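Shown next, in structure tokens, is the structure this report addresses.
FYI, it's all coordinate maths here, none of it is from the lab. Just so we're clear, the structure is a prediction, and the values are computed from it rather than from any experiment. Methodologically, a virtual Cβ is constructed for each residue, glycine included, from the backbone with ideal geometry; neighbour enumeration extends over all protein chains shown.
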Amino acid sequence: MTTQFATLTLNNQSIALPILQGTMGGYQLDIQSLDQHHLYTFDPGFTSTSACASSISYINGEIGQLLHQGYPIEELAQKTSFLDVFYLLLNEKLPNEKEQKQFEQAIQHYNQMDSDCIKTLQTIDSTMHPMGILSVLIAVLAGKYHEHDAFHNKHERINRINHMIAQMPILVAMIYRHQHHLPLVSPQKDLSFIDNFLYMMFHGTEHPFTDQIIINAIDRILLLHADHEQNASTSTARLIGSTGSNIYSVFLGGISALWGPAHGGANEAVLNMLSEIGDEKNIDHYLKRAQDKTDSFRLMGFGHRIYKKYDPRATLMKETCHDVLNKSNLTEDPTFKLAKKLETLALKDDYFISRHLYPNVDFYSGIILKAIGIPNNMLTVIFALGRTAGWLAQWQELVSQPNRISRPRQLYVGSELRHIT
Ligand code: SDX
């Protein structure tokens, strides 16, 4: 219950604004009543604006902390699996053994390739960007299952959530196989979520997908991408969900927002950047370019709207990177060596220090995925697979509560009223 207020005084008006205090984090001003006074706030980029109350994740950027339902990401990464975290985000608790089995069985129910997606995939040029192909296939599901009212019907909502959990790894694997002109592989009843995903991706190839280091690496990468509060793609997903649009079209928005190089597309951009830098002797030149306001070059995989310390996921990703490269005797991998050198030099450079720019989740993820045999243009699709957990949990939280359509205001700076002469 609010007990404190801030007073806004404007044109001899005093407006009492309730001060909200969440479970963690600082105070927040509840400005909803400003509308009654025809007053609005201006915050392009939403740097100082909360769009919702949520219990799913919490980030303290000042100390580089990320919690999912209160559990630190470090503990989750070391002691649980991606599917455990998926369950946690949806159910506010980690699953016991019985709940794990029930969750896997509920997903299994939807574990088959969709015939319309197969037909559509065959009409798509295999050289198209995988994020575009993923959007097309999810649009097929949106058109096919639109009538299933998951917005008002809780039981149907759980069905649609389980359907998406099952379908996303299947669609990602279908895209990979299509890209490489390989026959599509159906999911197997007796395989776990991660084993099934790798099976559908690499069955029938020379890939060592049953190697435990590979399995652990993919599981950790998906886990580290699961959710991250109200980032751009999740906020987009929530906004679409607030209109009552179906869960598949919510995903279409999330995927489109994630694709941008300022967001999830950064993992692919990091590898392209490292390939452009090419050699350690060029690092200084590129660090200078990153600081030149007249140059569009940015240090991809660096910086974050909230983290002003090291992104805790980047630390865990770097560990995984070392494990995977170590397994294949690739710790001397030139890309990994270049990335580590680039990080070392950037973290000594006052430009990056003064702006609190540190490696984020995307800096090392691409190197691991490349070492695992995932092509550069599939990296953001893998990010979307991990973020399936967050988009579903955040959408579920949104539609489970009374909610109004999200409709921001604007500061109008256009022409005054005028008439056609
Ligand atoms: C993700 O929101 C999330 O949680 C996202 C995410 C998730 O899990 O969902 O964590 C995933 O998207 C991680 C971010 C991936 N993007 C990149 O790695 C792209 C490179 N990073 C930048 O584009 C940037 O850092 C952003 C987009 C991540 C953050 O942008 P902000 O918060 O708007 O920061 P800003 O542009 O206002 O930067 C502040 C200053 C500026 O310089 P000054 O005007 O103060 O002189 O820092 C500079 C910027 O020019 N800066 C950079 C930089 N990032 C910021 N300069 C060079 N290289 C960079 N990478």
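Specify whether the C-alpha gyration tensor of the stretch 161-314 places it in the rounded, prolate or oblate class, a ≥ b ≥ c being the square roots of the eigenvalues: rounded for a/c under 1.5, otherwise prolate if a/b is larger than b/c and oblate if not.
oblate
Largest first and in whole Å, give the semi-axes of the stretch 78-212's equivalent ellipsoid, each being the square root of 5 times a Cα gyration tensor eigenvalue.
Working: eigenvalues 131, 92, 27 Å².
Taking √(5λ) for each Cα gyration eigenvalue gives 26, 21, 12 Å.
Which order do the peptides 126-139, 161-174 take when ranked by the mean count of other beta-carbon atoms within 10 Å per residue, highest first?
Details: 126-139: 18.3, 161-174: 23.0.
Ranking, from highest mean packing down: 161-174, 126-139.
With the crude spin-label approximation of a point 7 Å out along Cα→Cβ, what separation in nm comes out for residue 42 versus residue 354?
Result: 2.7 nm between the two label points.
For the stretch 98-205, which GluC sites (Glu not before Pro) are both in a DSSP coil and crowded by at most 15 other Cβ atoms within 10 Å?
Passing both the DSSP loop test and the Cβ count: 147.
Report relative contact order for the chain in percent, whole number only (criteria: Cα-Cα under 8 Å, sequence separation at least 6).
Relative contact order for the chain comes out at 20 percent.
Between residue 282 and residue 326, what is the FRET efficiency for a Förster distance of 25 Å, r being their Cβ-Cβ separation, to the nearest 0.05?
The formula returns an efficiency of 0.40 here.
Per 0.36 nm of contour for each residue apart, how much would the distance between residue 405 and residue 55 grow if the chain were fully extended, relative to their Cα-Cα spacing?
This chain segment gains 124.0 nm when fully extended.
I want to verify a result. In a Gaussian network model of the chain, Cα cutoff 10 Å, which of these has the top mean-square fluctuation: 365, 400, 235?
Result for the chain, Cα springs under 10 Å: 400 fluctuates most.
Scan the chain and hand back the longest stretch that contains none of the trypsin sites (Lys or Arg not before Pro) lying in DSSP loops with at most 13 other Cβ atoms within 10 Å.
Between exposed loop sites, the widest span is 190-292.
For Cα pairs less than 8 Å apart in space and 6+ apart in sequence, what is the mean separation divided by the residue count of the stretch 7-81, i.e. the relative contact order in percent?
Relative contact order, the stretch 7-81: 14 percent.
Can you compute the helix-only [θ] at 222 nm over the chain? Use -39500 (n - 2.57) per DSSP H run of at least 4 residues, normalise by all residues, nearest 500 deg cm²/dmol.
-15500 deg cm²/dmol
Can you figure out the FRET efficiency of residue 192 with residue 149, using R₀ = 22 Å and their beta-carbon distance, to the nearest 0.05?
After rounding to 0.05, the efficiency reads 0.10.
I want to verify a result. In a Gaussian network model of the chain, Cα cutoff 10 Å, which of these has the top mean-square fluctuation: 256, 406, 186?
406
Using a ≥ b ≥ c from the Cα gyration tensor of the stretch 4-67 (square roots of the eigenvalues), is it rounded, prolate or oblate, where a/c under 1.5 gives rounded and otherwise the larger of a/b and b/c decides, a/b for prolate?
Judged from the Cα gyration tensor, the stretch 4-67 comes out prolate (a/c at least 1.5, a/b above b/c).
Looking at 180, 82, 265, which one has the Cα that reaches farthest to the positive end of the dipole of the chain (charges on Cβ: Lys, Arg +1; Asp, Glu -1)?
Sorting the options by dipole projection puts first 265.
Could you tally the net charge around residue 40, taking each other residue with its Cβ under 14 Å from the Cβ of residue 40, Lys/Arg +1 and Asp/Glu -1? Show your work: numbers first, answer last.
Details: positive: 407, 409; negative: 35, 43.
Taking every Cβ under 14 Å from that of residue 40, the sum is 0.
With viscosity set to 0.890 mPa s at 25 °C, what whole-number translational diffusion coefficient in µm²/s follows for the chain from Stokes-Einstein and a Kirkwood radius over Cα pairs? Walk me through the numbers on the way to the answer.
Details: Rh = 23.1 Å.
Once the numbers are plugged in, D ends up at 106 µm²/s.
Compute a Gaussian network model of the chain, connecting alpha carbons closer than 10 Å, and tell me which residue from 408, 183, 375 fluctuates the most.
Maximum among the listed residues: 408.
With contacts defined as alpha carbon pairs under 8 Å and 6 or more residues apart, what's the relative contact order of the stretch 227-324 in percent?
Over the stretch 227-324, the number comes to 17 percent.
Out of the stretch 43-91, which GluC sites (Glu not before Pro) are coil in DSSP terms and have no more than 16 other C-beta atoms within 10 Å?
62
What helices in the chain pass both tests, a Cα length along the helix axis of 20 Å or more and a mean Kyte hydropathy of 1.0 or higher, using whole DSSP H runs?
130-144
So the label point goes 7 Å from the Cα of residue 180 along Cα→C-beta, right? Which residues of the stretch 367-389 then have their backbone N under 11 Å from it?
Taking a point 7 Å out along Cα→Cβ of residue 180, the residues of the stretch 367-389 whose backbone N falls under 11 Å are 372-375.
Identify the GluC sites (Glu not before Pro) of the stretch 195-278 meeting these criteria: DSSP loop state and at most 13 other C-beta atoms within 10 Å of the C-beta.
206
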